[in-house]
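Student: Quick one: the structure is below, questions incoming.
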Ligand SMILES: [Cu+2]
Ligand SMILES: [Cu+2]
């Protein structure tokens, strides 16, 4: 029976390694930041420890029984025939029930406290669509003019944020593990999720409800900033575009406005007012694009503008060369234009 | 026409068509069989075939995920493969494998010669088979389902590159659902009405108890999913708006209906294995099942409570704190009857004389692995913590510990245990034991890492994951584990072949078993019991062999007592229900209806004719 003992040891090691490995895991649920994720993690710890204790007891008893009560060689006698023991039965019905009952209290109170709208929270609207996120910051304390942004959510640290989530097509799920558990994003309903970041930094997130071809490519990030940095950023986002200065950039802008791009994208301050794709007014201020899967750089932009669906299966942005008929020169110019949109 | 007049003039009216005869051999005899044992074998072999297919799909999934940014499959192929893996393992493997055991064992265990409705039973099998083939034909007819096994609307109805897969899903599961529903009526009736004299409910083997619960669950759960599937079909094929939010439909309605079926389904999948384990442990501990009534009633309790927990699959949907609290509490407490079962199995082993034959190893594997799955299940009920874990690999780990570590290990135990009953031979023990150990190791190497990956934030249903997010190592480990499992299955297949070629017949009671099916010869004669047995005790066969003295010590019963049951050789062979073509014909109509919706209405028209002919022939055919 040695292999079984070895197996138990191996499983224990796995558990330890799990904790160790989590350091390099930016999406880990075991490194909560901020009060909401911490609360959830606290409950996880309680139930996890409880489960481990029960696991050790039950599996221990099984392993014990296996060794202790195995039939020895040559022993053909029959064991004592026991049919049951009512007192024992009632005990092992009641004890787990009581144990679980003690868990209900913190569970239920936490469910309610997480659902409440925090006082003084910043309101941000999130719209999910295949396969990117649109954020609308309405006018409120700290934001002087409403604006729209995509995939990268900027928030001020230390202030609770209340996200109002809605979907334009199928069901998605909004998840930033370090800040809060997930909330499904359901078309025709508005769900809410509270998040709060304690200190500045970038927190990775992702869509976690299967939403079709590029479900794996629907990521996001939350960028938490000090209140003053955030105010600066928000003021910048609320402005119209920065006009291109270079000749190539100006050519790119002309191309953009002459192309189908305008039908799908908005660039505030130009005639482009489409609503199918992300607002590009300040696209160059983002670290990533296309659902957070590509770094914002020239190489990736070129690939994207050449053939978006090849880079991101199913993408609703048509292939630049094959479908929209862009030339190499057009793409060069468009990139120069886009890279100037800080 | 000529046959009709001919037959009417013969004295015994035999129906309007020529009937297959009992003397027929070979393929025709299998196509027309109404013998519950043969149907059980058909169910078993078919689900093992699907198991190999579903397992190959699992290997493809693991190959794709072995490395970050995997290129083995495209996004669409991956979505099809993981969807088909889920559909296959749940609806075409574990459910029908359970049905294989119901078919073969229930009549034997209750001392009956067949099920209540033998032809309906054949109809169930053929419907299941055609339903499975129908779903798989999607690969050649426009694309397999790619909506995931719970096929959430409106993704399934309008958010995919092609929705033809959704049609195959909705119609295919409808067909296999008919099979399950019909079978459940059959088994419930059989268990309630056809028990041998003396076999009161509390003398039934525990497997029969669990089967009874499962079949009641099926009886009530299948209609729920049938309605949901029709609505999904109408939305997808005909543009109705049940789940279409743009037209006032509600996508969450699908989830409620799906999981209202889906959670009882979990117990439909696991309870047969629990029944098997409850038979195997006593035999190999040489002690009766500890706390029989508690085990039976905890099964019944699970059956009832299983209807009140469905929304634990939906904690992140936004049902609000009141609903989430209610379902959290019900989910926590459904762990209690499950725990009771585990403790009673432990109690059965406690103080026994344990023999570690292969069936026993698999049963112990079941208990140890299922305990892990059960405990991770309890962690899901802590809703705020589940907000983090739901839809990650942590959940994937949980349900594989329940459905593979649980259901599959339990069913394997049953296969090894009753194999002699079916074939007259014991599967080779050496190969069986290596099968067990390799599968146990492979299983844990594959699925234990999923707990870690889930806690590290790896989402489900990603056709690829980026490098440097901490997912690389454990995914590689898991892929290696999957191939270890595949290797163990290879050993299992070799064992079957080996046993057929090399092993000797093992006699009638190779395990020194307890229940009455072991009182008759191996392999089971086609009439089961020459004379319907009279049951006096729980574990009646055991009590024919042994008695207990006042101290609870076991003493062999008087010699000859055990022969009593089989000593009536001079009796004529009992008269058995005759084979029939009609279940096969009627079942063949159902996939034609499906193609009628998907390809061309003409198929549906042909299906209608086939069904009418099938039912007509069936109705006009005398039972005897
Ligand atoms: Cu999504
Ligand atoms: Cu459930």
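Student: List every residue pair whose Cβ atoms sit under 7 Å apart, with the two residues 6 or more apart in sequence or on different chains, where the first one lies in region A:172-187 and is farther than 22 Å from residue B:158 by Cα and facing another protein chain (nearest Cβ under 7 Å) and the second, anywhere, is assigned to a loop (DSSP other than H, G, I, E, B) and within 10 Å of ligand 1 (Cβ to nearest atom).
Tutor: That search, which allows pairs on different chains as well, returns A:182/A:208.
Student: Scan region A:314-334 residue by residue and report those that are surrounded by fewer than 21 Cβ atoms within 10 Å (Cβ to Cβ) and within 30 Å of the chain's Cα centre (by Cα).
Tutor: Once the filter is applied, which keeps residues that are surrounded by fewer than 21 Cβ atoms within 10 Å (Cβ to Cβ) and within 30 Å of the chain's Cα centre (by Cα), region A:314-334 yields A:314, A:316, A:318, A:319.
Student: Additional query: Restricting region A:204-216 to residues that are more than 9 Å from ligand 1 (Cβ to nearest atom) and in contact (Cβ under 8 Å) with a residue 60 or more places away in the chain, which is nearest to the chain's Cα centre (by Cα)?
Tutor: Ranking the candidates gives A:205 first.
Student: Give just the number: which of (1) more than 26 Å from the chain's Cα centre (by Cα); (2) within 27 Å of residue A:211 (Cα to Cα); (3) touching a residue at least 40 places away in the same chain (Cβ under 8 Å) does residue A:262 not satisfy?
Tutor: Failed condition: (3).
Student: I would also like to ask the following. In region A:8-38, what residues are touching a helix residue (DSSP H, G or I) at 6+ places or on another chain (Cβ under 9 Å), buried (at least 19 other Cβ atoms within 10 Å of the Cβ) and at pLDDT 55 or above?
Tutor: A:25, A:28, A:29, A:30, A:32, A:36, A:37, listed by residue number.
Student: Quick check on region B:184-198. Is at least one of its residues farther than 30 Å from residue B:542 by Cβ, outside any helix (DSSP H, G or I) and in contact with a helix residue (DSSP H, G or I) (Cβ under 8 Å, 6 or more places away or on another chain)?
Tutor: no
Student: Tell me, yes or no, whether region B:217-224 has at least one residue that is within 14 Å of another protein chain (Cβ to nearest Cβ), away from ligand 1 (no atom under 16 Å from the Cβ), in a helix (DSSP H, G or I) and in contact (Cβ under 8 Å) with a residue 60 or more places away in the chain.
Tutor: Within region B:217-224, none of the residues are within 14 Å of another protein chain (Cβ to nearest Cβ), away from ligand 1 (no atom under 16 Å from the Cβ), in a helix (DSSP H, G or I) and in contact (Cβ under 8 Å) with a residue 60 or more places away in the chain.
Student: If you don't mind, another one. If I ask for residues that are within 15 Å of the chain's Cα centre (by Cα) and farther than 23 Å from residue B:111 by Cβ, which ones from region B:207-225 would you list?
Tutor: B:217, B:218, B:219, B:221, B:222
Student: Working carefully through the options B:559, B:565, find the one that is at pLDDT below 95 and part of a loop (DSSP other than H, G, I, E, B).
Tutor: The unique qualifying residue is B:559.
Student: Mind counting the residues in region B:230-251 that are surrounded by 23 or more Cβ atoms within 10 Å (Cβ to Cβ) and within 16 Å of ligand 1 (Cβ to nearest atom)?
Tutor: Final tally of qualifying residues: 1.
Student: Identify, from the list B:377, B:373, the residue that is within 20 Å of residue B:443 (Cβ to Cβ), within 14 Å of ligand 2 (Cβ to nearest atom) and facing chain A (nearest Cβ under 10 Å).
Tutor: When all the criteria are applied, what remains is B:377.
Student: If you scan region A:152-174, which residues turn out to be within 12 Å of ligand 1 (Cβ to nearest atom) and either in contact with a helix residue (DSSP H, G or I) (Cβ under 9 Å, 6 or more places away or on another chain) or under 19 Å from residue A:232 (Cα atoms) (or both)?
Tutor: A:167, A:169, A:170, A:171, A:172
Student: Report, ordered by the first and then the second residue, all pairs with beta carbons closer than 7 Å, sequence separation of six or more or different chains, a first member in region B:292-317 that is within 16 Å of ligand 1 (Cβ to nearest atom), and a second member that is assigned to a helix (DSSP H, G or I).
Tutor: Final answer for the pair search is B:316/B:387; B:317/B:252; B:317/B:255.
Student: Determine whether region B:439-453 contains at least one residue that is over 28 Å from the mean Cα position of the chain (by Cα) and more than 30 Å from residue B:525 (Cβ to Cβ).
Tutor: yes
Student: Go through B:284, B:258 for me and flag whichever is buried (at least 23 other Cβ atoms within 10 Å of the Cβ) and within 16 Å of ligand 2 (Cβ to nearest atom).
Tutor: Of B:284, B:258, the one residue that is buried (at least 23 other Cβ atoms within 10 Å of the Cβ) and within 16 Å of ligand 2 (Cβ to nearest atom) is B:258.
Student: Tell me yes or no: at least one residue of region A:51-60 is surrounded by 13 or more Cβ atoms within 10 Å (Cβ to Cβ) and more than 8 Å from chain B (Cβ to nearest Cβ).
Tutor: yes
Student: (1) within 21 Å of residue A:314 (Cα to Cα); (2) touching a strand residue (DSSP E or B) at 6+ places or on another chain (Cβ under 7 Å): which one isn't true of residue A:216, the others all being true?
Tutor: (2)
Student: Sort out which residues of region A:82-100 are surrounded by 13 or more Cβ atoms within 10 Å (Cβ to Cβ) and more than 30 Å from residue B:553 (Cβ to Cβ), and write them in order of number.
Tutor: Matches in region A:82-100: A:95, A:96, A:97, A:99, A:100.
Student: Restricted to region B:418-446, and to residues that are surrounded by 24 or more Cβ atoms within 10 Å (Cβ to Cβ) and within 11 Å of another protein chain (Cβ to nearest Cβ), which residue is farthest from residue B:360 (Cα to Cα)?
Tutor: Ranking the candidates gives B:440 first.
Student: Away from ligand 1 (no atom under 16 Å from the Cβ), surrounded by fewer than 24 Cβ atoms within 10 Å (Cβ to Cβ) and in contact (Cβ under 8 Å) with a residue 40 or more places away in the chain, is that true of residue B:356?
Tutor: So residue B:356 passes the test.
Student: Residue by residue through region A:111-157, note down the ones that are surrounded by fewer than 21 Cβ atoms within 10 Å (Cβ to Cβ), within 14 Å of chain B (Cβ to nearest Cβ) and over 18 Å from the mean Cα position of the chain (by Cα).
Tutor: A:112, A:113, A:115, A:116, A:117
The values are calculated or read from the model by the stated rules, or taken from the named source; none is laboratory data. Quantities reported herein were computed from a predicted structural model and do not represent experimental measurements. We place every Cβ from the backbone using ideal geometry, glycine too, and count neighbours over all the protein chains shown.
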